[in-house]
Ligand SMILES: Nc1ncnc2c1ncn2[C@@H]1O[C@H](COP(=O)(O)OP(=O)(O)OP(=O)(O)O)[C@@H](O)[C@H]1O
Ligand SMILES: [Mg+2]
């Protein structure tokens, strides 16, 4: 099976500091993969290694089955790769259209007008095609970067926060475009701090913090395994036979809040808490979110780091005593 991206034991250090720490994962063709993590987690550093802006200290990278450490393969790998950097690069004096033409030429595509027009249309840049880059707004510049990354119809697209600074309407149209690219079997790795959008868009999620890949799984699985469903119930009469339960979060006369794992049905949890269904006037059910799952993974990691550093401190103290 074709593997658009394979990363094995990737480590990138800046001096003694490990910005990416022994990360391994693979992407499947046509999937949208979200690499999520707090500021400074190592997302951009990892992507910079994939596009050869940074040289890893250790590990293997294969782009569309070509190994980046082999000089002969780098050019071929780059022709399969589209990249939108986090920082907007300003090409000042050229026009939007010229940038796309120059970049096509750089990649060896001399006649690319149809593709360029298509991208200008799809990214709402057509009316700005003759403007110089310095005359574009921040959001337009970012859309130009995206158009530029796609002039050669790459098999693997890396989007490092493509929607930062882009207004809501264009963000939505951009994500629609990403879904279309997926249908054409383009594989997409993206980073974003908009977790609601990642939840809607990404087939799988990897969570990275302090350079370590903490968790990788299907988006729906992460949510169902790591989060709780929250149910607000309004009763006709004050409940008489409530049972003690960890799921019961608050009881305020006839208003009850229950949190329970997604493996349980509403009926099962009501029975286990002792609520008579005939007494229910209304209920609201809120599913867990990717944000809940993400925070849980980060908190769990922070606690385990805390525990191990406490242990070290204790050991050091014991040693000193
Ligand atoms: N050139 C560099 N020299 C030294 N340290 C660096 C360099 N580039 C990044 N770092 C450090 O590596 C760590 C990871 O940075 P990186 O830019 O990869 O984070 P990020 O996950 O992309 O964060 P953000 O969400 O803010 O974009 C940070 O601590 C950062 O300060
Ligand atoms: Mg970054």
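All of the numbers you see were taken from the coordinates with simple rules; none came from a lab. These numbers come from a predicted model, not from an experiment. Positions of Cβ are generated from backbone atoms using ideal geometry, with glycine treated the same way; all protein chains shown enter the neighbour counts.
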Rounded to two decimals, the Debye log10 I(q)/I(0) of the range 228-286 (Cα scatterers, no solvent) at q = 0.24 Å⁻¹ is -0.97
What share of the DSSP beta bridges in the range 141-277 is antiparallel, in percent to the nearest 5? 75 percent
Where does the chain land at 222 nm, in deg cm²/dmol rounded to the nearest 500, when only DSSP H runs of n ≥ 4 count, each adding -39500 (n - 2.57), divided by all residues? -11500 deg cm²/dmol
Which log10 I(q)/I(0) values, to two decimals, does the range 156-276 give at q = 0.16, 0.21, 0.22, 0.23 Å⁻¹ under the Debye formula with one point per Cα? -0.84, -1.11, -1.19, -1.27
Rg/Rh (Cα only; Kirkwood hydrodynamic radius) as it applies to the range 82-222: 0.99
Ranked list, fewest to most other Cβ atoms within 10 Å of each Cβ, for 233, 109: 109, 233
For a label point 7 Å from the Cα of residue 193 along Cα→C-beta, name the residues of the range 58-89 whose backbone N is under 16 Å from it. 86-88
GNM of the chain, Cα pairs under 10 angstrom: of 221, 18, 240, the biggest fluctuation goes to 240
For the range 132-181, max minus min Cα coordinate along each principal axis, in Å, sorted largest first? 31, 23, 16
Roughly speaking, what is the stretch gain from residue 117 to residue 289, that is 0.36 nm per residue apart minus the C-alpha to C-alpha distance, in nm to one decimal? 58.1 nm
Difference of contour (0.36 nm per residue) and Cα-Cα distance, residue 266 to residue 25: 83.1 nm
By how many nm would the segment from residue 203 to residue 301 grow when fully extended, if each residue of separation counts as 0.36 nm and the alpha-carbon distance is taken off? 33.0 nm
At 1.306 mPa s and 10 °C, Stokes diffusion of the range 1-146 via Kirkwood alpha-carbon radius, µm² per second: 93 µm²/s
Antiparallel content of DSSP bridges confined to the chain, in %, to 5: 70 percent
Hydrodynamic radius by Kirkwood for the chain, inverse mean 1/r across distinct Cα pairs, in Å, is 22.6 Å
So for 271, 187, 265, fewest C-beta neighbours within 10 Å to most, what's the order? 265, 271, 187
